[in-house]
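One structure is given here, and the rest of the page talks about it.
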Amino acid sequence: MAVQFTANSYAETLTAVATTRPLTMAGWFHADAGAATTGYIAAICDATGNNLFGLVARSGDEKVSAVERRQASWNQSSLLSYSAGSWHHACALFYGSTTRQVYLDGVAGTATSAGSPPLNLDRTLLRIRQGLPDPDSGLRLAEVAIWNAQLSADEIGWLAAGVSPLALGHHLSKLALYHPLYRAANESLVSPVLTTVGSAMAYPHPRTIAAQSPTQMAIARSPIAGPYRRDVSGLFLPGAVVGATFVAGSLTATAHSYTEGD
C-alpha cells in the first residue's frame with residue numbers, strides 16, 4: 001500500500017533527522033501530470049525553507065533531482081525524467097563537501113558539486129510543495145527512508161527493485177527515518193513519528209515487493225541446536241544479485257522461517 005496526499009497536505013516532524021553529509025533520501029512516488037510545480041518527496045529544512053536538503057519530483061516537466069539550498073544559494077543535481085501516472089523509485093545522495101546526485105529507478109544521474117551546506121535545519125517533511133496552486137492532489141508516496149550514510153549504487157539498485165530499506169542490514173544503525181506509508185502517513189517503523197497536515201489516505205502500490213530482513217529475532221536456549229538458537233521468520237524475496245542489479249525471482253514475496261544454532 002501507499003499513501004495518497006490530498007491537495008496542500010503533507011507530513012512533518014519538528015526534528016531534523018539528519019543535518020550533515022553523508023545523507024541519502026529514497027522513496028517510491030506516483031505523480032499525475034499537472035501544472036509546473038516543485039514537490040519534495042522528502043525534505044530536511046528550516047522553518048522558512050531557505051535552508052534544506054531535498055529529493056524533488058517536479059510536475060509539469062516530470063523531472064527528479066537532489067536539491068540543496070543555503071539562503072539565496074540554490075543548487076541541484078542533474079535532472080532525470082520520469083513518466084507521469086506510473087510508479088517510480090527516486091533517491092538523492094549528498095556526500096563529500098558539496099556533491100549531490102539523483103537516481104531514478106536505480107539509474108544514476110550525473111553528480112554535481114557547488115555551493116555550501118544548509119544551516120539551522122530543524123524539521124523533516126514528506127510531500128511538501130513549493131508554489132501555488134497545488135495541482136497534484138493525487139501524489140502518492142511509499143517506502144520513504146532517510147539514512148545518515150551514503151548508499152552505494154548497488155544498494156540503490158536493490159531498493160529500486162523492491163527491496164525494503166530494512167534489508168540493508170549494515171546500514172540499520174544509520175537509518176534515521178523509515179515510513180512505509182502503507183496505511184497512514186504518520187505510521188513509522190523508524191522514528192520520528194510524523195504529523196499529517198491536511199489529509200491523506202491509503203492507496204494501492206502495485207509495485208511493492210514485500211521484501212524485508214528478518215527483523216524479529218528471538219534468542220532462546222536450545223539443548224539440541226547448541227547453547228543458543230535464533231528463531232528467524234519474515235518475508236523473504238526470492239532472487240539474486242546479478243552484477244549491480246537485484247533480479248527478483250518472483251513478484252510475490254514468500255514467508256519462511258528457520259532455526260539457526262550458534
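The values are calculated or read from the model by the stated rules, or taken from the named source; none is laboratory data. On a predicted model such as this, the values are computed, not experimentally measured, just so you know. A quick note on method: Cβ atoms are made from the backbone with ideal geometry, for glycine too, and the neighbour counts reach across all protein chains shown. Areas reflect the complete protein model, heavy atoms only, side chains present, ligands, DNA and RNA absent. Shrake-Rupley method; radii C 1.70, N 1.55, O 1.52, S 1.80 Å.
In the range 113-135, the qualifying residues are those that are open to solvent by 20 Å² or more (accessible area, probe 1.4 Å), assigned to a strand (DSSP E or B) and not small (Gly, Ala, Ser), and the one that is modelled with the lowest pLDDT is Gln130. Across the range 22-43, the number of residues qualifying as of a type in the set (Ser, Thr, Tyr) and modelled with pLDDT of 90 or more comes to 1. Filter the range 82-101 down to the residues that are part of a loop (DSSP other than H, G, I, E, B) and crowded, with 20+ Cβ neighbours inside 10 Å and list them by number. Tyr82, the sole residue that qualifies.
Filtered by the rule that a residue be in contact with a Leu (Cβ under 7 Å, 6 or more places away or on another chain) and over 22 Å from Ser152 (Cα atoms), the range 69-92 gives Arg69, Arg70. Could you go through the range 103-112 and let me know if any residue there is in contact with a His (Cβ under 9 Å, 6 or more places away or on another chain) and not in a loop (DSSP other than H, G, I, E, B). The answer is yes; a qualifying residue exists. Tallying residues that are modelled with pLDDT of 75 or more, within 22 Å of Pro22 (Cα to Cα) and not in a strand (DSSP E or B) within the range 166-205 yields 9.
Within the bounds of the range 175-183, is there any residue that is open to solvent by 10 Å² or more (accessible area, probe 1.4 Å), free of Cβ contacts under 8 Å to residues at least 24 places away in the same chain and not hydrophobic (A, V, I, L, M, F, W, C)? Within the range 175-183 (the criterion being open to solvent by 10 Å² or more (accessible area, probe 1.4 Å), free of Cβ contacts under 8 Å to residues at least 24 places away in the same chain and not hydrophobic (A, V, I, L, M, F, W, C)), the answer is no, since none of the residues qualifies. With respect to Val64, determine if the residue is without any contact (Cβ under 8 Å) to a residue 40 or more places away in the chain and either at positive phi or assigned to a strand (DSSP E or B) (or both). Judged against the criteria, Val64 is not a match.
In the condition set (1) touching a residue at least 40 places away in the same chain (Cβ under 8 Å); (2) out of contact with any Pro (no Cβ under 6 Å at 6 or more places or on another chain), Tyr95 is compliant with all but (2).
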